[in-house]
Amino acid sequence: MTTNTFPDVARIDAHDKVRGATRYASDDSRPGMLHATLACATIGRGSIQSIDTSAARALRGVRLVLTHAELSRLQPAGFLLAGGYGVQSLQPLTSPNIAYFGQPIALVVAETLEVALQAAALIRTAYAVEPHQMGLDAPEADIVAQQESPLPKPMFEDVHVGDADAVFAQAAVQIDATYASAVQHHNPMELLATVAEWSEGRLTIHEGTQNAEGVRHGVARQLGIPAEQVRVISPQVGGGFGQKNSLQGQTVLAAFAARALGHSVKLVVRRSQLFHASSFRAATRHRIRLGADHGGTMLAAIHETDAQTSRHDLFPSVNAEVSARLHGIANFRARERLVRTDTQTPGYMRAPFEHMACFAFESAVDELAQALGQDPVALRLANDTQRDPVTGKPLSSRHLAECLRRGAARFGWARRSMAPGSMQDAEGQLIGWGVAAGAYKAATAPAVARLRVYDDGTALASVGVHEMGQGIRTALAAALSRKLGIEPDQITLDIGDTNSTPQHITVGSWGTATAVPAAVEAADAMLSALAELLPGDAAGRSPAEILRAAGRRSLDVAIRRKAPGQPDAVFTRLATGLPAPLGPNYPDFVSFSYIAHFVEVRVEPTTRRIRVPRVVSVADCGRVISPRTAASQVRGGVVWGIGAALREASEVDPRYGGFLNADLADYVLPVNADIGDIEVEFIDRADPLVNAMGIKGLGEVAMVGVAAAIANAVHHATGIRLRDLPIRIEHLM
Amino acid sequence: MHPFTYTKPRTAQDAIRAIAAGDAGTRFIAGGTTLYDLMKLDVEAPRQILDVSTLPGIATIDTANPRELVFGAGAKMVAAATHAGLRADYPALVEALDKAASQQLRNMASLGGNLLQRTRCNYFRGGAAYACNKRSPGSGCAALNGLDRGHAVLGGSDSCIAVYPGDWAVALAAFDAVVDVQGTAGPRTIPLAQLHREPGSTPETETSLARDELILRIRVPKTPLGRASTYHKIRDRESYAFALASAAVALRMDGTRVREARIALGGLATRPWRASVAEQGLVGQVLNAATARAAGEAALRGARAGHHNGFRIELGIRTVADALLIAQERV
Ligand SMILES: Cc1cc2nc3c(=O)[nH]c(=O)nc-3n(C[C@H](O)[C@H](O)[C@H](O)COP(=O)(O)OP(=O)(O)OC[C@H]3O[C@@H](n4cnc5c(N)ncnc54)[C@H](O)[C@@H]3O)c2cc1C
Ligand code: SF4
């Protein structure tokens, strides 16, 4: 186990990114490349009766128009959560059925993007319209109890420990409240984009994806060709956040068109189309019942969730996985239900369940503190646990109490006056201070790592992981450099390319905990192999010196690594592009990352604008490998939390289906002017069990609890408890 | 997006001749931040575009003239917002520009094009899927029974409740600005307050300009009220957002009493909305929280709530009241 801390180094690709030199798939341009665009359905549900593409086809410069008539023979890639590869089971353009507003109905390929866009606008479609259903208040027939659904158990089993109902009923202090959130959409800067190119029967796909291996196997299956004939390259993702975690609908369309035309084809999904082309954060509703004794011991909790899914897939709901773990509550019952709506299948968006689960639960804890007249930090500290409340197993490490204590000290929490509405600034703005805790599973995936060192002092490392702005290249280079004594800029990182090692899906905050220990293990193997080259004489020499002394040009090692307790069968899944992570439940322990957020809000007395001038976040993510990018992850997570709590909502007009505010001006993301000081601190203590380097995960826990801390602060400022997100001016008028 | 020709007439006369020779598919363009945007959405599909942004003299800003401020229609928003002395003497005008859009848009957008920006109603922008009388006359108005959180509470009709989204025109309305235009029929001057029309039963007709009329400049009579003015804008985020409610106000005081007041509302109405009754009600009053609130109430009198926008009536009242108190500090 590494015990010392890692130095603060700059992001290795910082200069390239700031100068715009980093190339993404949508920047790609190659000789003879053709441009494709999508035409999309304008009804909420139904089917295409006829589609007239003649005007589009007749347009000069149009090379190909594809509809379901041409593509019905594509094989299904399957839904990621049903054993397949796709973001949903439905592949647009393979049938005349329209499952949701905005579903692509045609692909136009032309010599220029302008011609493609013009042609797409000339397509005329007649529909048979059927009724659609968009919201959580759905008829019984559209509501699925997850426990009774075909979703695999125990993975998607309702949490049930002790006798929550009986204990809650007897509890001296009871909170019973319902919390909800609107649909939200990921809006990374990089749009979904595919460049497909065929050469001698082999397909190369350039696409920003968090799952190159899954895209490769999925698209091969759709086209009915061996995966060996497909290469997927994703060296840089311009923001993933779960949106790019699996095979998207546009990929095979570009591949099919490129094969048909004998030219490379670029297909960019426009921002307005993105709201219907990819997944989104489902609308959810959470009823929380929380019972405690007068002293503030939390005795029982019941967490019931209704979460949106699509009509064609069951996107699971795993909210209680985290809410049952926040505090040491002996009796806990969850019930997760899925509500079928006529949308594309919702999916993973940063802290996909944890954000809302903790918003609901940590709001309820704040309500409990209020009811008890207790300080909300003290209440949480009094209910801490070192054993996993759900399984009874030990926790690999849990420093949430220290996060709360250090955060409180740094924030100045002791100066908080308890009564809502009791703090004001000189200009009469209401001040509110809120706190909330967050947790996120510490999972690990299998990985293969290969390392080669050269006698000129350089090295080449391949491992399964994707760089999506989180800074994994920086973390890998730092860890390898430290082991091998080779400068970071002398190490080439071959990641996100299926010609390298298998590229397992990089999501769920397992990227660093998966790839960095694997790379370091490869480096250890390299040091042993180098030592064997010069027995007894290697000490104190650099790898290049050893190679030169041994008369070798280069040396290779490869290792493979899996999560503690995983069977070797996971390597087969790894090799076939299927997810193979483990966690938070390991055979002998349970592992989570934790965070505490302290938020100050100011509420204008008249027009009720809410500002967030200050946030302090203290995270327990195990060992921090790359302090600079780690702090940046947390700041990004806090910004997301501010967006989720105060800004973002995808608007649904139930009469039409789809999402109405489908652009960056009208989908209200936070801007720089919305963000104040964000102070980040790490416990930075290695986890003793989860991997040799003691790394848990950080990317998602960073935003978990932010929304609750904000809502709790708004309550502290105004005395108004707001349980629906986003919170906007009208809710405080 | 559809093909179009793009030309740059050399003089205003050439531009007017060219537009008169064309049909409804011939349009002026300046910064393009409204027109190109709507073309990409297929809401507008002009066939011929005449770029007037570099016509001789059209980008001139002149504040030295003793009687009036003169803003060439082709001047960029950023040029006006940073023009020497303007912030001190007419803070409302500068704030209206500064709080609009983003720096990138303000670098591109012209003051004349700004006046003619079109509504952000999502049903209008969303295209053929939605009923919209403005985009497709006679098709109905999806907003009336839809997501109307951002729609007008003043000046709407049974045909359309789309908000006029701009900020600059609201500040200009408070200062009695006029617009010089020139068309085939010759030059004329239109009071800014008469440039935009309420939707009535013809929401597709948004202004009183003839198709061939080119905006040359905007003129604002100089007034001592300029200094004690503000543009107060409340929006869903701190920057890069249209107004939920805004107020341009300007004051002239006699001690603690109001001698003259100007109030115009933005983000709440189907056109820039001058609140003359509220202005008159303030004259002779001691300005304080209560009289400011009363002015806000007078300004919003007659406002009609839809399904989700009712809060903006109260928000509008408070915005006007706050704006008056901010302006008072600048006297
Ligand atoms: C994302 C976004 C956010 C925005 N936010 C705001 C905001 O918060 N507040 C705000 O006020 N505005 C906002 N805007 C609108 C922006 O200010 C306008 O788009 C811009 O001012 C228009 O100026 P332009 O020169 O680009 O106009 P153009 O697009 O070139 O033209 C607009 C219209 O004016 C006509 N036109 C142009 N010049 C003349 C002329 N001299 N004579 C006659 N007709 C002419 C054109 O034919 C066209 O119909 C926003 C815009 C966007 C895209
Ligand atoms: S409010 Fe006006 S612009 Fe919006 S849908 Fe109705 S008619 Fe169209």
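The values are calculated or read from the model by the stated rules, or taken from the named source; none is laboratory data. Small disclaimer: the values here were computed from a predicted structure and weren't measured. Glycine gets a Cβ as well: all are built from the backbone with ideal geometry, and neighbour counts include every protein chain shown. For the accessible areas, the whole protein counts, side chains as well, though only heavy atoms, and no ligand, DNA or RNA atoms are used. Shrake-Rupley method; radii C 1.70, N 1.55, O 1.52, S 1.80 Å.
Please list, short to long, the whole-number percent of alpha-carbon pairs of chain A in consecutive 20 angstrom bins beginning at zero.
17, 49, 29, 4
Determine the gain in length on full extension of the stretch A:Thr576-A:His160; use 0.36 nm per residue of separation and subtract their C-alpha separation, reporting nm with one decimal. List each step's numbers first, then the result.
On the way: separation 416, 0.36 × 416 = 149.76 nm, distance 3.42 nm.
Working it through step by step, the gained length comes to 146.3 nm.
Once you've got the GNM for chain B with C-alpha springs shorter than 10 Å, pick whichever of B:Arg252, B:Arg318, B:Arg304 has the biggest mean-square fluctuation.
B:Arg304
Got a number for the accessible area of A:Met298? Probe 1.4 Å, square angstrom, nearest 10.
For A:Met298, the solvent-accessible surface is approximately 10 Å².
With the crude spin-label approximation of a point 7 Å out along Cα→Cβ, what separation in nm comes out for A:Glu532 versus A:Gln75?
So the label points at A:Glu532 and A:Gln75 sit 4.0 nm apart.
For A:Ser47 and A:Arg23 in the same chain, what is the full-extension length gain: residue separation times 0.36 nm, less their Cα-Cα distance, in nm? Write down the numbers at each step before the final one.
Numbers: separation 24, 0.36 × 24 = 8.64 nm, distance 3.90 nm.
Contour length minus the Cα-Cα distance gives 4.7 nm.
Based on the Cβ-Cβ distance from A:Asp568 to A:Arg410, what FRET efficiency comes out when R0 is 45 Å, to the nearest 0.05? If you can, show how the numbers build up before the last one.
Numbers: r = 46 Å, r/R0 = 1.01.
Rounded to the nearest 0.05, the efficiency is 0.50.
So how exposed is B:His308, as accessible area in Å² (1.4 Å probe, rounded to 10)?
90
Less than 16 Å apart at the alpha-carbon level, and either on another chain or at least 8 residues along: which lysines does that give for A:Lys696?
The reachable lysines, counting only those whose Cα sits under 16 Å from A:Lys696, are A:Lys441, A:Lys562.
Enter the Cα centre distance for the pair region A:114-137 and region A:618-667, rounded to the nearest angstrom.
The distance from the Cα centre of region A:114-137 to that of region A:618-667 comes to 28 Å.
What nm distance separates the two modelled labels at A:Leu113 and B:Val277, each placed 7 Å from Cα along Cα→Cβ?
Label at A:Leu113, label at B:Val277, 5.1 nm between them.
Quick one: helix B:289-299 against the long Cα principal axis of chain B, what's the angle to the nearest 10°, folded into 0 to 90?
With both axes taken from Cα atoms, the answer is about 40 degrees.
Based on DSSP H assignment, which helices of chain A show an axial Cα extent of at least 20 Å together with a mean Kyte-Doolittle hydropathy greater than or equal to -1.0?
Numbers: long enough: A:354-372 (26 Å, 0.49); A:511-533 (33 Å, 1.01); A:627-646 (28 Å, 0.50).
Long hydrophobic helices here: A:354-372, A:511-533, A:627-646.
In degrees from 0 to 90, rounded to the nearest 10, what is the angle of the helix B:311-328 Cα long axis to the longest principal axis of chain B?
In chain B, helix B:311-328 runs at an angle near 70 degrees to the longest axis.
Can you give the angle from 0 to 90° between the axis of helix B:12-21 and the longest principal axis of chain B, with both taken from C-alpha atoms, to the nearest 10?
60
Pull up the cross-link candidates among the lysines for B:Lys233, meaning alpha carbon to alpha carbon under 23 Å and not fewer than 8 places away within one chain.
Within the straight-line limit of under 23 Å, B:Lys233 reaches these lysines: B:Lys76, B:Lys99.
So what is the calculated 222 nm ellipticity per residue for chain A, using -39500 (n - 2.57) for each DSSP H run with n of 4 or more, over all residues, to the nearest 500 deg cm²/dmol? Could you put the intermediate results ahead of the total?
Numbers: 18 runs with 188 residues, N = 733.
So the calculated ellipticity at 222 nm is -7500 deg cm²/dmol.
What's the FRET efficiency of A:Gln147 with A:Asp293 using the Cβ-Cβ distance as r and R₀ = 22 Å, to the nearest 0.05?
Numbers: r = 30 Å, r/R0 = 1.35.
With R0 = 22 Å, the Cβ-Cβ based efficiency is 0.15.
Working out 0.36 nm times the residue gap between B:Ser201 and B:Asp89, then minus their Cα-Cα distance, what length gain in nm do you get to one decimal? Mind showing how you got there, number by number?
Values: separation 112, 0.36 × 112 = 40.32 nm, distance 4.03 nm.
Roughly 36.3 nm would be gained on extension.
Could you check the simple spin-label distance between A:Thr178 and A:Ala128, using points 7 Å along Cα→Cβ, in nm with one decimal?
Between A:Thr178 and A:Ala128, the simple spin-label model gives 3.7 nm.
Relative contact order of chain A: what whole-number percent is it, with Cα pairs under 8 angstrom and at least 6 residues apart? Could the numbers behind the result be given before it?
Details: 1922 pairs, mean separation 123.8, N = 733.
Here the relative contact order equals 17 percent.
Taking a cut-off of 36 Å, what percent of all Cα-Cα pairs in chain B are separated by more than that?
Values: 9093 of 54615 pairs.
The answer is 17 percent, as a whole percent.
Can you grab the distance from the C-alpha centre of region B:204-261 to the C-alpha centre of region B:22-100, Å, no decimals?
Each part's Cα centre sits 16 Å from the other's.
I'd like the accessible area for B:Trp273: 1.4 Å probe, protein heavy atoms, all chains in place, Å² to the nearest 10.
For B:Trp273, solvent-accessible area is about 50 Å².
What does the net charge come to around B:Arg219 if you take all other residues with beta carbon closer than 12 Å to its beta carbon, with K and R at +1 and D and E at -1?
Details: positive: B:Arg67, B:Arg217, B:Lys222; negative: B:Asp62, B:Glu68, B:Asp176, B:Asp180.
Charge balance in the 12 Å sphere: -1.
Find the centroid of the Cα atoms in region A:36-66 and in region B:128-198, then give the distance between the two in whole Å.
That distance is 34 Å.
Order A:Val237, A:Val318, A:Val9, most accessible first, counting only protein heavy atoms with a 1.4 angstrom probe. Write down the numbers at each step before the final one.
Working: A:Val237 0, A:Val318 25, A:Val9 55 Å².
Reading off the accessible areas and sorting them downward yields A:Val9, A:Val318, A:Val237.
Just counting partner chain Cβ atoms within 10 Å, what average do the residues of peptide B:233-245 show around their Cβ? The partial results should precede the final answer.
Details: counts 0, 6, 3, 10, 10, 8, 5, 8, 6, 2, 0, 5, 2.
Mean shielding count: 5.
Of the DSSP beta bridges with both residues in the protein assembly as shown, give the percent that are antiparallel, rounding to the nearest 5.
Working: 131 of 172 bridges.
If we restrict to bridges inside the protein assembly as shown, about 75 percent are antiparallel.
Return the aspartates and glutamates within reach of A:Lys266: Cα separation strictly under 18 angstrom, same-chain partners fewer than 8 residues apart disregarded; answer none if there are no such residues.
Qualifying aspartates and glutamates at Cα under 18 Å: A:Asp27, A:Asp28, A:Glu111, A:Glu114, A:Glu190, A:Glu197, A:Glu207.
Using only the Cα atoms, work out Rg/Rh for region A:444-575, with Rh taken as the Kirkwood radius, to two decimals.
Values: Rg = 14.8 Å, Rh = 15.0 Å.
We get a ratio of 0.99 for region A:444-575.
What FRET efficiency do you get for A:Ala378 and A:Asp588 if R0 is 30 Å and r is their Cβ-Cβ distance, rounded to the nearest 0.05? Write out the running numbers ahead of the final one.
Working: r = 33 Å, r/R0 = 1.08.
E(calc), rounded to 0.05, equals 0.40.
Mind checking which of B:Ala79, B:Ala243, B:Ala295 has the largest fluctuation in a GNM of chain B, springs on alpha carbons under 10 Å?
Checking each option, the largest mean-square fluctuation is seen for B:Ala79.
Considering the Cα positions of region B:225-328, please state its Rg to one decimal place and its Dmax as a whole number of Å.
Gyration radius and largest Cα-Cα distance of region B:225-328: 13.0, 43 Å.
Which residues does the label zone of A:Ala549 cover in region A:417-458, counting backbone N under 18 Å from a point 7 Å along Cα→Cβ?
Taking a point 7 Å out along Cα→Cβ of A:Ala549, the residues of region A:417-458 whose backbone N falls under 18 Å are A:453-458.
Considering chain B as a Gaussian network with a 10 Å cut-off on Cα pairs, which listed residue, B:Ala64, B:Ala248, B:Ala162, attains the greatest mean-square fluctuation?
Checking each option, the largest mean-square fluctuation is seen for B:Ala64.
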